[in-house]
Amino acid sequence: MWTEDGHVNDQHTVALLGTGTMGAGMARNILSAGLPLRVWNRTRSKAEPLADAGALVAGTAAEAVQGADVVITMLFDVDAVVAALNEARDGLAPGTVLLQQSTVGVEGTSTLEALAQELGMVFVDAPVLGTKKPAEDGALVVLASGPPDALDLCAPVFEAIGSRTVRLGEAGEASRLKLVTNSWVLTVLEGVAEALTFARCLDLDPALFLEAVNGGAMDSPYVQLKGAAMLSGDFTPAAFGLDAAVKDAALMLTAARSVDGEVPIVEIAHRYLVAASKAGHGDEDMTAIFTAH
């Protein structure tokens, strides 16, 4: 690719399928790193603002991936990724790296690895830790697994979107670790909601819980952030949606049951998340789990 000043740009071309809550911020950081980027989103209006930042906004998934060395998928679930790749297949070249960064669980990762093989792609499993703000700040933690050469090829992308990359072994390990880390997120989320509810049951101001743990060994920025959001009753989606948390919790339960494992706190959190979703909070922030207690 030639730059405007007539020099050759030897950076690999990247295609990003999915410019929603996470993908939009990732795209801007990829562009800021100087990587040629093509983007596609099923709702085109969500991708169009990226044109001003230098991205080529494609009308179809096949157009987006044509000539790309690395194809990133950052979509809601495995079905969305499968649909996007099937739509893109006519534009894919053999040997293109599929950098799969959606949270799809163990079974979903196996499905996508098989599809990548069918499409002649090299599969990299690299979900991320973090939500909208870290995605915008280029501060995600990338969990990367797959062939070492492919991970090396993707390294400029990892550096652009993240503050740190944890390299693992064969593809699939990263998605398994993502489920483990997400189980901890749900443990803290459910724990805070339960503590605030328990305080209220004991005729205490729930805010006293946050005051009591503030700055101590039991505290964390996440405890204070989520606790304050729950008490405010403002569940405007700011980081991670409740229905996305329902989906991820179900992936954890499926993975645990497949190996006869037990994740009882995740089971409880899933029950409350589903209840909150059924009560109409699915499009709100996952702190709306508090409404079901």
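The values are calculated or read from the model by the stated rules, or taken from the named source; none is laboratory data. Please read all numbers here as calculations on a predicted model, not as lab measurements. Here the Cβ positions follow ideal geometry from the backbone for every residue, glycine too, while neighbour counts run over all protein chains shown.
Is it the case that some residue within the stretch 266-277 is in contact with a Gly (Cβ under 8 Å, 6 or more places away or on another chain), in contact (Cβ under 8 Å) with a residue 60 or more places away in the chain and small (G, A, S)?
No, because not a single residue in the stretch 266-277 is in contact with a Gly (Cβ under 8 Å, 6 or more places away or on another chain), in contact (Cβ under 8 Å) with a residue 60 or more places away in the chain and small (G, A, S).
Collect the residues in the stretch 164-179 that are closer than 14 Å to V122 by Cα and crowded, with 17+ Cβ neighbours inside 10 Å, keeping them in residue-number order.
Selection gives A171, G172.
Can you find even one residue in the stretch 235-242 that is crowded, with 16+ Cβ neighbours inside 10 Å and assigned to a helix (DSSP H, G or I)?
yes
Do we find a residue being modelled with pLDDT under 95 and in a loop (DSSP other than H, G, I, E, B) anywhere in the stretch 27-39?
no
Residues are listed down the side, and each one gets a yes or a no for (1) assigned by TED's automatic domain parsing to the domain that holds L31; (2) crowded, with 16+ Cβ neighbours inside 10 Å:
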site: L140; (1), (2): yes, yes
site: S145; (1), (2): yes, yes
site: A155; (1), (2): yes, no
site: G162; (1), (2): yes, yes
site: A199; (1), (2): no, yes
site: D219; (1), (2): no, no
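Filter the stretch 47-63 down to residues that are under 20 Å from F158 (Cα atoms) and surrounded by 21 or more Cβ atoms within 10 Å (Cβ to Cβ) and give me whichever is farthest from the chain's Cα centre (by Cα).
A55
Filter the stretch 68-97 down to residues that are in contact with a Ser or Thr (Cβ under 7 Å, 6 or more places away or on another chain), closer than 21 Å to P156 by Cβ and either of a type in the set (A, V, I, L, M) or modelled with pLDDT under 95 (or both), then give me how many there are.
3
Just to verify a result, which residue in the stretch 30-71, among those that are out of contact with any Leu (no Cβ under 9 Å at 6 or more places or on another chain) and of a type in the set (S, T, N, Q), is farthest from L119 (Cα to Cα)?
Among those residues, the one meeting the criterion is S32.
Which residue out of V81, V71 is under 24 Å from G130 (Cβ atoms) and part of a helix (DSSP H, G or I)?
Residue meeting the stated conditions: V81.
Every residue, every condition in (1) under 29 Å from A239 (Cα atoms); (2) touching a helix residue (DSSP H, G or I) at 6+ places or on another chain (Cβ under 6 Å); (3) aliphatic (A, V, I, L, M); (4) not assigned by TED's automatic domain parsing to the domain that holds V39, yes or no:
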residue: R89; (1), (2), (3), (4): no, no, no, no
residue: T96; (1), (2), (3), (4): no, no, no, no
residue: L99; (1), (2), (3), (4): yes, yes, yes, no
residue: G105; (1), (2), (3), (4): yes, yes, no, no
residue: Q117; (1), (2), (3), (4): no, no, no, no
residue: G120; (1), (2), (3), (4): no, no, no, no
residue: F123; (1), (2), (3), (4): yes, yes, no, no
residue: G130; (1), (2), (3), (4): yes, no, no, no
residue: K133; (1), (2), (3), (4): yes, no, no, no
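I'm told L225 meets every condition in (1) touching a residue at least 12 places away in the same chain (Cβ under 8 Å); (2) in a helix (DSSP H, G or I) except one. Can you identify the failing condition by its number?
All conditions pass for L225, except number (1).
Suppose the filter is modelled with pLDDT of 95 or more and either out of contact with any helix residue (DSSP H, G or I) (no Cβ under 8 Å at 6 or more places or on another chain) or among the hydroxyl-bearing types (S, T, Y) (or both); does R164 pass it?
Criteria met by R164.
Looking only at the stretch 197-236, count every residue that is farther than 12 Å from T287 by Cα and either among the hydrophobic types (A, V, I, L, M, F, W, C) or touching a Gly at 6+ places or on another chain (Cβ under 7 Å) (or both) and tell me the total.
Qualifying residue count, the stretch 197-236: 13.
Answer with yes or no whether A64 is of a type in the set (A, V, I, L, M), in the same structural domain as K133 (by TED's automatic domain parsing) and either touching a Gly at 6+ places or on another chain (Cβ under 9 Å) or assigned to a loop (DSSP other than H, G, I, E, B) (or both).
So A64 fits the description; yes.
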